[in-house]
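Each value in this text was obtained by applying a stated rule to the coordinates, not by laboratory testing. In this text the structure is predicted, and so the values were computed from the model without any measurement. Neighbour counts are summed over all protein chains in view; Cβ atoms, including those assigned to glycine, are modelled from backbone coordinates with ideal geometry.
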Amino acid sequence: MDQNESIFELKLDNESQTHLAESARWAKIMAIVGFIFVGLFVLVGLVMMVGMSAAASAFGGTQFPAVFGIVYIALAGLYFFPTLYLFRFAKYSKTATETNDQETLRMGISNLKSMFKFMGIMTLVVIGLYAVIFIFAIVGGVMSWL
């Protein structure tokens, strides 16, 4: 038996197919909004890099404010990938519900899995960073009493 074959065949009934099609429409809307926000983050990052650097140099400051712009662009890069996965889920799922193509549905579900995996890993990384910050805050508070 092939690894990809299953002894059970999963089928979508009409109601499930309708729910999937509606989910794909909403996912597409959310992905488009996500792409707009990615673009805005990049634009704000560039404006911050140029504007804050110009202002800092005009007043004899350092180039440190440009770091904020770089952070915005990095956040845009991180936000781009789950948005792309969501868009692909929407595209493939819509096509799959219209054509009843199992392989296209598999690709859509695979992109949904990738989006959740990416977001899950990012959530764990952020929770880990919060834990490290919390520990440093406690250690710093204890050290300030000594």
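Listing for the model above:
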read-out	value
Whole-Hz couplings from phi, Karplus 6.51/-1.76/1.60, listed for region 114-123; x for Gly and Pro	5, 4, 5, 5, 4, 5, x, 5, 5, 4
For Val67, Val38, order by how many other beta-carbon atoms lie within 10 Å, fewest first	Val67, Val38
Nitroxide proxy distance, nm - points 7 Å out along Cα→Cβ at Val47 and Leu12	4.0 nm
